[in-house]
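The values are calculated or read from the model by the stated rules, or taken from the named source; none is laboratory data. The structure displayed is predicted, hence computed values, not measured ones. When we count neighbours, we look across all protein chains shown, and the Cβ atoms used for this are built from the backbone with ideal geometry, even at glycine. SASA here: full protein model, heavy atoms, side chains in, ligands and nucleic acids out. Shrake-Rupley method; radii C 1.70, N 1.55, O 1.52, S 1.80 Å.
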Amino acid sequence: MKDRSILHFLQRAHLTYAFVLAFNLFLAYVVYALCRLEFIWLNWEVFGAEFHKLSLGDLLKGSLAFDTSAILYTNALYALMMLLPLRLKETRCWKAVARWLFIIVNGIAATMNLADSVYFTYTGHRTTMSVTGEFAHESNLSSIILTECLNHWYIVLMGLLIILFLVKATLSPRPSSLTPRPSSLTQHPSSLSPLSFYLSQLLCLLLFVPLCIAGMRGGFTTAVRPITISNANQYVNHPTEAAIVLNTPFSLIRTIGKNVFADPRYLSQEEMDRLYSPLHLCPEDTLGTPSAKVAPSVKKRKNIVVLIVESLGREYIGGYDNGFCGKGYKGYTPFVDSLLSVSLTYDYTFANGRQSIDGMPSILSSIPRFIEPFFLTPASLNDISGMAGELGRCGYESAFFHGAQNGSMGFEAFARTTGYDAYYGRTEYNRDPRFGGDKDFDGTWAIWDEPFLQYYAQKMTDMKEPFLTTVFTASSHHPYAVPEKYSDAFPDDGINPMHRCIRYADTALRQFFQTASRQPWYKNTIFVLTADHTNIFTHKEYSTDLGLYCVPIIFFDPSGEMPRGRREGIAQQIDIMPTMLSYLGYNKPYVAFGNDLLSTPAEETWAVTNSNGIYQYAKGSYVIHFDGTATVAAYNYKEDWMLKRNLITDPSLQPTFRSMEQTLKALIQSYMQRMTQNNLTAK
């Protein structure tokens, strides 16, 4: 009787279709869960040894997030058929089509997941759209698939049982008992339905759409970008384990159009290695004594603190001005100017990308952005080198700090991937009774910089030396607000809304260094100050192909042991990791695409960026633009910062440009090879 009363209520409220949709989507979750259990079981030799170290809560949370996204993507059409405010869906034909659409789509999804449990053995990661390129020219796929089906007959059997389960368990709505049921597709049913039917169906549809979008993206909050396969790393301890929480339909969907890495084969292997190699060897290796024979260590056990200040372009820093902004330009960062005067920096300093998600790989792992953000590509699941991972081998404790919601921007996942021991976000800040919790939240993105940087300084005092920490600030960002107490101190100047945010960020940095200078670890620390990318510019000099990448790169050593002053040459984000490891005297080989600035002559320093398919490579006095096939432009940026005079046809400069192009080709080819071959560490 109770079941009948519930059914009667659903029919009277015209909620039968919504109930059936919810129930069938629940069946999809069950199917994905079964496939995941089979995936773990079949690959237990890969996961088993470290499985006990994984958090069950994290695994469940991650699996639910990725399964939700995949299920909503693949069942979007089915959901639409179930919720459209049309009486046509009362017909037997419509219901049958909708039911079989659900069964077929989710049967295919289950087949993909089950098949990938076998293919994972060969790839070490969930299948992405790159698989279409890998087998594009294979003519024996059918025989391979047939052989694997015979070898794994039990998986085929499980797939058939799952499909049978879907056939038997999938519900189809019953006709309403309140209104006559149309007898054929030719009979227009509108006149037979009460207004309440259409209103209820429309309401269900309007409620479902935002829930569906949120589920596909991975959350409602403005701090969450659409989740990608790299986000899986925040729920596991090793990149390979990301396959546990991922599912194959999601991996395929998220990498459509993202198959951006392919070996261009510009040069022979020998020529490429002669011109460029990202493998950094320690002195022992170069002298003929392999470092593999010695334990990882550093000669200087100094702490490393990396401050990534959101959107802190060079334009805002008066101490950096090269005359671009006119005589007497003071900028908006008096504290950074004072820091700059006692630090090491370079004449030209660049970011390697234009997005926040480009900054972390460049700064912390020496991986520039080529074509697509590294975070958003299948290569993000590769084994990755990084300062945290390398120094962790030498006994360094490490932590990453970001005042936004945990998981925001994929930073937590990347931090864990590159070897950080701990992650401190908005959640951890709120738990610390010494600070104001969510009262310090800016209302949009994150905890305000001022209190969060104070939290950062205090947490480092709790850590064991030597340590490596990184903080990614958030306040100098749209919507360009500052805390209420600073509204009069930093008014909007009407020129650029970023200026008041930068003034606030500079003040927060001043207070951070004041607190840090009183800590016992301060004198034994090297501070690296940079930005993720540039932001709104005011002066045209910062709108050029080079100007758009101008960020500070500052090395500050309170002890005075590290060199100081402004040096000739080029520095870029990807130089930070090799420069720091070299200065510390790290004794193991590692992969980093940048230079050790302290041992590289000024004329040999360079910078590379990629935007809209064009590689920009600056070295010496020149910058070339390379479209992947040929150099399309070349400039003397020191004399022509606005890049107005294309020198590509100047015969006297042809040897210089050819040499630059060959080196750039070697760099691109090495990058692509290492991405596609999972060779981003010194194995």
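Report yes if LEU509 is in contact (Cβ under 8 Å) with a residue 24 or more places away in the chain, open to solvent by less than 20 Å² (accessible area, probe 1.4 Å) and either farther than 25 Å from GLY419 by Cβ or in contact with a Ser or Thr (Cβ under 7 Å, 6 or more places away or on another chain) (or both), otherwise no.
For LEU509, the condition - in contact (Cβ under 8 Å) with a residue 24 or more places away in the chain, open to solvent by less than 20 Å² (accessible area, probe 1.4 Å) and either farther than 25 Å from GLY419 by Cβ or in contact with a Ser or Thr (Cβ under 7 Å, 6 or more places away or on another chain) (or both) - is met.
When both residues are 6+ apart or on different chains and their Cβ atoms are under 8 Å apart, which pairs have a first residue that lies in the range 323-338 and is free of Cβ contacts under 8 Å to residues at least 24 places away in the same chain, and a second that is of a type in the set (A, V, I, L, M, F, W, C) and surrounded by fewer than 16 Cβ atoms within 10 Å (Cβ to Cβ)?
none
Counting only residues that are among the hydrophobic types (A, V, I, L, M, F, W, C), more than 30 Å from ALA666 (Cβ to Cβ) and in a loop (DSSP other than H, G, I, E, B), how many does the range 227-269 have?
The total comes to 4.
Anything in the range 40-85 that is farther than 26 Å from ILE256 by Cβ, free of Cβ contacts under 8 Å to residues at least 24 places away in the same chain and more than 24 Å from the chain's Cα centre (by Cα)? List them, or say none.
Scanning the range 40-85 gives TRP41, TRP44, GLU45, GLY48, ALA49, PHE51, HIS52.
If you scan the range 341-370, which residues turn out to be open to solvent by 10 Å² or more (accessible area, probe 1.4 Å) and more than 14 Å from the chain's Cα centre (by Cα)?
Matches in the range 341-370: SER341, VAL342, ASP347, TYR348.
Taking the stated definitions as given, is ARG99 within 30 Å of VAL20 (Cβ to Cβ), in contact with a Ser or Thr (Cβ under 7 Å, 6 or more places away or on another chain) and at pLDDT below 90? Reasoning before the result, please.
Numbers: within 30 Å of VAL20 (Cβ to Cβ): yes; in contact with a Ser or Thr (Cβ under 7 Å, 6 or more places away or on another chain): yes; at pLDDT below 90: no.
For ARG99, the condition - within 30 Å of VAL20 (Cβ to Cβ), in contact with a Ser or Thr (Cβ under 7 Å, 6 or more places away or on another chain) and at pLDDT below 90 - is not met.
Restricting the search to the range 631-683, which residues are over 30 Å from ARG393 (Cα atoms) and among the charged types (D, E, K, R)?
LYS638, GLU639, ASP640, LYS644, ARG645, ASP650, ARG658, GLU661, LYS665
Would you mention how many residues in the range 543-559 are touching a Gly at 6+ places or on another chain (Cβ under 7 Å) and open to solvent by 10 Å² or more (accessible area, probe 1.4 Å)?
Looking only at that region, the number is 0.
Collect the residues in the range 468-498 that are farther than 24 Å from ASN406 by Cβ, crowded, with 21+ Cβ neighbours inside 10 Å and in contact (Cβ under 8 Å) with a residue 40 or more places away in the chain, keeping them in residue-number order.
MET498 - this is the single residue of the range 468-498 that is farther than 24 Å from ASN406 by Cβ, crowded, with 21+ Cβ neighbours inside 10 Å and in contact (Cβ under 8 Å) with a residue 40 or more places away in the chain.
Taking the range 14-47 on its own, how many of its residues are outside any helix (DSSP H, G or I) and either at pLDDT 90 or above or under 24 Å from PHE102 (Cα atoms) (or both)?
Within the range 14-47, residues that are outside any helix (DSSP H, G or I) and either at pLDDT 90 or above or under 24 Å from PHE102 (Cα atoms) (or both) number 2.
Exactly one condition in (1) crowded, with 20+ Cβ neighbours inside 10 Å; (2) over 20 Å from ALA18 (Cβ atoms); (3) hydrophobic (A, V, I, L, M, F, W, C) is not met by LEU83; state its number.
(2)
For the range 389-425, what are the residues that are small (Gly, Ala, Ser) and open to solvent by 10 Å² or more (accessible area, probe 1.4 Å)?
Let us first name the residues in the range 389-425 that are small (Gly, Ala, Ser), namely 389, 392, 395, 398-399, 403-404, 407-408, 410, 413, 415, 419, 422, 425.
Within the range 389-425, GLY389, GLY392, GLY395, GLY407, GLY419, ALA422 qualify.
Collect the residues in the range 303-340 that are basic (Lys, Arg) and surrounded by 20 or more Cβ atoms within 10 Å (Cβ to Cβ), keeping them in residue-number order. Spell out how you get there, then give the answer.
Pass one, the range 303-340, residues basic (Lys, Arg): 314, 327, 330.
Within the range 303-340, ARG314 is the sole residue that qualifies.
Tell me whether the range 518-532 contains one or more residues that are closer than 19 Å to PHE401 by Cβ, assigned to a loop (DSSP other than H, G, I, E, B), touching a residue at least 40 places away in the same chain (Cβ under 8 Å) and under 24 Å from the mean Cα position of the chain (by Cα).
yes
Does the range 371-393 include one or more residues that are at pLDDT 95 or above and more than 26 Å from TYR590 (Cα to Cα)?
No, the conditions are met nowhere in the range 371-393.
Please work out which residue is farthest from LEU72 (Cα to Cα), limiting yourself to the range 103-123 and to residues that are of a type in the set (A, V, I, L, M) and open to solvent by 50 Å² or more (accessible area, probe 1.4 Å).
The qualifying residue farthest from LEU72 (Cα to Cα) is ALA115.
Of these, GLU465, GLU428, which one is touching a Lys or Arg at 6+ places or on another chain (Cβ under 9 Å), assigned to a loop (DSSP other than H, G, I, E, B) and open to solvent by 30 Å² or more (accessible area, probe 1.4 Å)?
GLU465
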